[in-house]
Amino acid sequence: MGTVTVAIVRFGGSNCDRDAERALEHLEIDAEIVWHEDGLPDGTTGIMLPGGFSYGDYLRAGAMAAQSPIMDEVREAAGEGVPILGVCNGAQVGCESGLTEGAFTTNESARFQCEPVYLRVERADTPWTERYEEGDVIEVPIAHGEGRYEITDERLEELEDDGRILFRYCTEDGELTDEANPNGSKHNVAGVLGDRETVAVLMPHPERVTLPDIGNTDGQGVLEGFERADA
Amino acid sequence: MTAYTATVTIRLKHGVLDPEAETTRRALERLGFDLEDLRSADRFEIDLEAEDAGEATERVDEMAQRLLANPTIHDYDVEVDER
């Protein structure tokens, strides 16, 4: 413990960066907020793209932040196996920058939604989900207007066959129903892996269910992925 | 060099759900309008100088590919006119 330094990349309009820092600190994972224009610090052994509304969601959520030069460094780090987690706006930035496939776009409801949801763990053999069993159901909040996972049917099938779907929206009992799908995501997809299992993005906020004071700590296992991937 | 205005129109790919258009369609129907369907699109007008229309198109096409459109969900077209 304590050997990992996670760079939490702050863009103009990021607003979950401090939550992420507190959550990681609680887990005794060393973390540092990094302004995107300053680039990644030397010795970065993990990267978190936090939630928020970078650049006011202009054009598309995440589209502007994805063009920041720091994202070239992030992509390079991804290729070297550095663990990278994108949450909410960070997930949108991840898809816009090509770290992960698909797109997170306007909710089916066309509204901003802030509510707890249930997620089914689709794979428990990745750094982000080792704490769980496959099929486990965890409760994590969402807070987004553009979280509907969209991709071509053909490509989605290929991602499914490759085991690149990490979380799906489900009922409390783990069933994948339309009612349990808060935003109309294809096949209830809530989070996906990149080319490597060390890269993951998800729309729900694990950092908001990590501190015991909040009452629910279901998200801890996801953030602990930074240590597991580093080991 | 010639002055051009390039118009980039960005639409959702066929089959991609458009909740904003759907909401707009329902609002029009509530106002009493009769319509079968409604699609929305984004349009950007870009003023630039180029050697010829071909070069202007090529440059704007790259802008669309790299930023204005998201190829996962969008189709786009570029039209170039002398200004």
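Normalised size of the protein assembly as shown, defined as Cα radius of gyration per 2.2 N^0.38 Å with N residues, equals 1.05.
According to the Kirkwood expression over distinct Cα-Cα pairs, how big is the hydrodynamic radius of chain B, in Å? Spell out each step's value before the answer.
On the way: mean 1/r = 0.0696 Å⁻¹.
Mean inverse Cα-Cα distance, inverted, gives 14.4 Å.
Roughly how compact is the stretch A:1-150, stated as its Cα Rg over 2.2 N^0.38 Å to two decimals?
On the way: Rg = 15.1 Å, N = 150, 2.2 N^0.38 = 14.8 Å.
The value comes to 1.02.
Within the stretch A:55-131, the percentage of alpha carbon pairs spaced more than 16 angstrom apart rounds to 60%. Each helix, a run of at least 4 DSSP H residues, gives -39500 (n - 2.57); summed and divided by the residues of chain B, these come to -8500 deg cm²/dmol at 222 nm. Relative contact order of chain A, taken over Cα pairs closer than 8 Å and 6 or more residues apart, is 21 percent.
Ordering A:88, A:7, A:105 by Cα displacement along the dipole of the stretch A:1-125 toward the positive end leaves A:105 in first place; charges were set at the Cβ atoms of Lys, Arg (+1) and Asp, Glu (-1).
All other residues whose Cβ lies under 11 angstrom from that of residue A:152 are scored, Lys and Arg at +1 and Asp and Glu at -1, for a net of -3. Pairs of Cα atoms nearer than 8 Å and 6+ residues apart set the relative contact order; for the stretch B:2-82 it is 53 percent.
In the neighborhood of residue A:180, defined by Cβ-to-Cβ distances under 10 Å, what is the net charge if each Lys or Arg adds +1 and each Asp or Glu adds -1?
On the way: positive: A:120, A:168; negative: A:172, A:173, A:175, A:178, A:179.
Its environment carries a net charge of -3.
Taking every alpha-carbon pair in the stretch A:119-210 and binning the separations at 10 Å intervals from zero gives 17, 54, 28, 1 percent. Exposed loop positions in chain B were taken to be GluC sites (Glu not before Pro) whose DSSP state is not H, G, I, E or B and which have at most 10 other beta-carbon atoms within 10 angstrom. Between these positions, the longest stretch is B:1-35. Highest GNM mean-square fluctuation, chain A, Cα pairs closer than 10 Å: which of A:220, A:92, A:113? Result: A:113 has the largest fluctuation of those listed. Taking the centroid of alpha carbons for each part, the stretch A:105-124 and the stretch A:166-231 are 10 Å apart.
Starting with the fewest neighbours, write out A:117, A:87 ranked by other beta-carbon atoms found within 10 Å of each beta-carbon.
A:117, A:87
Every number in this text was worked out from the coordinates using simple rules, so none of it is lab data. Predicted, not measured: the structure shown is a model, and the values here were computed from it. Cβ atoms come from the backbone with ideal geometry, glycine included; neighbour counts cover every protein chain shown.
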